1. Quick one: in the range 1-18, which of the residues that are within 16 Å of the ligand (Cβ to nearest atom), farther than 22 Å from residue 252 by Cα and not β-branched (Val, Ile, Thr) is surrounded by the fewest Cβ atoms within 10 Å (Cβ to Cβ)?
2. Would you mention how many residues in the range 215-232 are in a loop (DSSP other than H, G, I, E, B) and of a type in the set (Val, Ile, Thr)?
3. Restricting to the range 142-176, count the residues that are surrounded by fewer than 18 Cβ atoms within 10 Å (Cβ to Cβ) and assigned to a helix (DSSP H, G or I).
4. Every residue in the range 74-102 that is within 16 Å of the ligand (Cβ to nearest atom) and either surrounded by fewer than 19 Cβ atoms within 10 Å (Cβ to Cβ) or at pLDDT below 95 (or both), please.
5. I'm trying to understand the selection: among the residues of the range 204-252, which are within 10 Å of the ligand (Cβ to nearest atom) and in contact with a strand residue (DSSP E or B) (Cβ under 7 Å, 6 or more places away or on another chain)?
Amino acid sequence: MPDLIVAGNWKMNTTVSEAAALAAAVRDGSGAVPGVELVLCPPFVSLAAVSDAVKGSAVKVGAQNMHFRESGAFTGEVSPGMLKGLCDYVILGHSERRQMFGETDESVNNKIKAAQAAGLKPILCVGESLEQREKGQASDVISGQVRAGLEGVSDASGLIVAYEPIWAIGTGQSATPETAAEVMGGAIFETLRSLFLAAADNIPLLYGGSMNAGNAGDYAAQDCIHGGLVGGAALQADQFLQVAAAVAAAKG
Ligand code: 13P
């Protein structure tokens, strides 16, 4: 089975001091959820403070985005080399970045390669819109995003894929565990299998979209779901830790 991972995407929330306090609270409770890798993804400006707060614990840190170039005239951007040392993971291709900041499959693909080259573990996010789902296009859209995002990637080690249906993000309308499993065990896993053969069996697949302490166990009860990418519920340490505990219990 792939590693179990529960990652918190804090999005554009928390000041530096709030981020440090939240990270410290997660760190203090993390001993209660052995067997699940906890990853905290604060805004860039808080990476150093969060990294300091979790030092010496098993809690890991991730960024929410990065540029694919190493340096240069890219005002406002952050490079893979800048993240190295501050975090181990990086979320790439989140639907909010695709929808609001013009990210394409091509730029996501460049970022995945750059992350791997820098020794960062990319969390590739994919997911369909409500319109695409209603038109019956979900599987095609998602397998297309996985294939395009991973074009030319030959090594699956360190790779994580998160399925986040856009209509489920921040809406309270989570996908049913069965719907998530149909996509994750279907379009996503089959595409990964075609790209990486048996190595696909070790790629953690995370569900994201209104995941919380109450529903996390139902997702993790599905064989093809190995954790979550949590937004709103990750902003409170106790809820985030309860999500991780529910995942551990379901897989236990
Ligand atoms: P919510 O958990 O707030 O729906 O956000 C999910 C998400 O986008 C995580 O990346």
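1. 12
2. The number of residues fulfilling the criteria is 1.
3. Qualifying residue count, the range 142-176: 3.
4. Selection gives 97, 99, 100, 101.
5. 206, 207, 208, 211, 228, 229, 230, 231, 234, 243
Okay, residues lined up against (1) farther than 21 Å from residue 7 by Cα; (2) small (Gly, Ala, Ser):
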residue	(1), (2)
53	no, yes
56	no, yes
59	no, no
64	no, no
90	no, no
97	no, no
106	yes, no
111	no, no
121	no, no
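The values are calculated or read from the model by the stated rules, or taken from the named source; none is laboratory data. Because the structure is a prediction, the values reported are computed rather than measured. Heads up, the Cβs are rebuilt from the backbone with ideal geometry, glycines too, and the neighbour counts pull from every protein chain shown.
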